[in-house]
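Okay, structure first, notes after.
Just so you know, all these numbers are worked out from the coordinates, no wet-lab data involved. Remember, it's a predicted structure, so these values are computed and weren't measured experimentally. Every residue, glycine among them, receives a Cβ derived from its backbone with ideal geometry; neighbour counts consider all protein chains shown.
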Amino acid sequence: MPADSIIAGLDIGTSTVCAVIGEYNENGSIEIIGVGKCPSQGLRRGVVINIESTLKTVRTAIEDAEQMAGREVSGVFTGIAGGHIDGINSRGVVAVTGKGREITKEDVDRVIDAAKAIVIPMDREVLHVIPQEFIVDEQGGIKNPIDMIGIRLEAEVHIITGSATAAQNLIKCVNRAGFRVNDIVLESLASSRAVLTEDEKELGVLLVDLGGGTTDVLVHIDGSPYHTNVISLGGGR
Ligand SMILES: Nc1ncnc2c1ncn2[C@@H]1O[C@H](COP(=O)(O)OP(=O)(O)OP(=O)(O)O)[C@@H](O)[C@H]1O
Ligand SMILES: [Mg+2]
């Protein structure tokens, strides 16, 4: 079986570090085949403050998951949280220039680029840019504008940013534990994909993850994230 038939996730929490290994079945959905947990050390309010302690817990959690799965992983998707996380809504606009004014994938990429062209401080990095809706010639509420005909294409997006150094320290811990980071995912966004239904997101829902060191908040409206916040206060000390 090819190595990429498995996927691994890592949640470096303030209280617990969790690793999970999933395997794609023939329907394309993921079956969990390994789980590893380790009491966390080296974090404060969701942010790594001690590389050495954190990397040991990361290694233990992933190795436990590998043992249960009977498979080894090289790369993991890692969650990020902490009071430095911020979410803002932004809007971009472009003219549709193609033949017959038919909106193409390139137009969509261009309008998302325009929407994310915001000034962020040097010490922050963009973690996610999530389209909320597209507006074609003032007609809003469009989820997929590709192939529609229009002159003016607008996009509203939710941009999630975080401290660049907090992300680098997270990656460093995982790398020094012996694993590659495939990507970083905002914890509350990952939780929302796991626990919320499409209907809930469409109707509007507030997700609250009460952790040991942080309380993560994410609001979905009309199927997309509109508000993100991480409060540096959890159930622990
Ligand atoms: N049954 C329970 N009732 C109340 N509180 C609980 C219960 N079980 C766990 N907790 C509390 O939940 C917190 C741990 O939550 P969780 O494992 O989600 O945190 P974490 O992901 O490690 O931390 P964070 O996401 O904040 O970095 C601890 O403060 C713990 O005391
Ligand atoms: Mg957590």
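Things worth noting here:
- FRET efficiency for the pair ILE33 and GLN139, taken as 1/(1 + (r/R0)^6) with r the Cβ-Cβ distance and R0 = 41 Å, rounds to 0.35.
- Counting DSSP beta bridges with both ends in the chain, the antiparallel % (nearest 5): 90
- Max mean-square fluctuation residue, GNM over the chain, Cα-Cα springs under 10 Å, options ASP209, ASP86, ASP123: ASP123
- Computed on the range 86-161, with alpha-carbon pairs under 8 angstrom and 6+ residues apart, the relative contact order is 47 percent.
- Debye intensity ratio in log₁₀ form over the Cα atoms of the range 159-237, taken at each q of 0.12 Å⁻¹: -0.42
- Computed from the Kirkwood radius of its Cα pairs, the Stokes-Einstein diffusion coefficient for the range 86-161 at 20 °C and 1.002 mPa s stands at 170 µm²/s.
- Lysine pairs in the chain with Cα atoms under 19 Å, if 8 or more residues apart or on separate chains: 6
- Choice from GLY79, GLY28, GLY211 showing the highest fluctuation, given a GNM over the chain with Cα pairs closer than 10 Å: GLY28
- Selection from VAL73, HIS220, THR60, by position along the positive dipole direction of the chain (Cβ): THR60
- Projected label distance in nm at LYS105 and ILE149, using a 7 Å step from Cα toward the beta-carbon: 2.4
- Leading residue at positive end of dipole, the chain (Cβ point charges), from GLY141, ILE21, VAL96: ILE21
- Three principal axis lengths of the chain [C-alpha, angstrom, descending]: 57, 43, 33
- The relative contact order of the chain, computed from alpha carbon pairs under 8 Å that lie at least 6 residues apart in sequence, is 21 percent.
- Paramagnetic label zone (point 7 Å from Cα along Cα-to-C-beta, ILE221; backbone N under 18 Å) in the range 86-121: 87-92
- When only the Cβ of Lys, Arg, Asp and Glu is charged (+1, +1, -1, -1), the dipole of the chain relative to its Cα centre reaches about 940 debye.
- ASP147, ASP107 arranged by Cβ crowding within 10 Å, fewest neighbours leading: ASP147, ASP107
- Top of ILE51, ILE30, ILE103 by mean-square fluctuation, Gaussian network on the chain, Cα under 10 Å: ILE30
- Rounded tilt (10° steps) of 105-115 against the dominant C-alpha axis of the chain: 80
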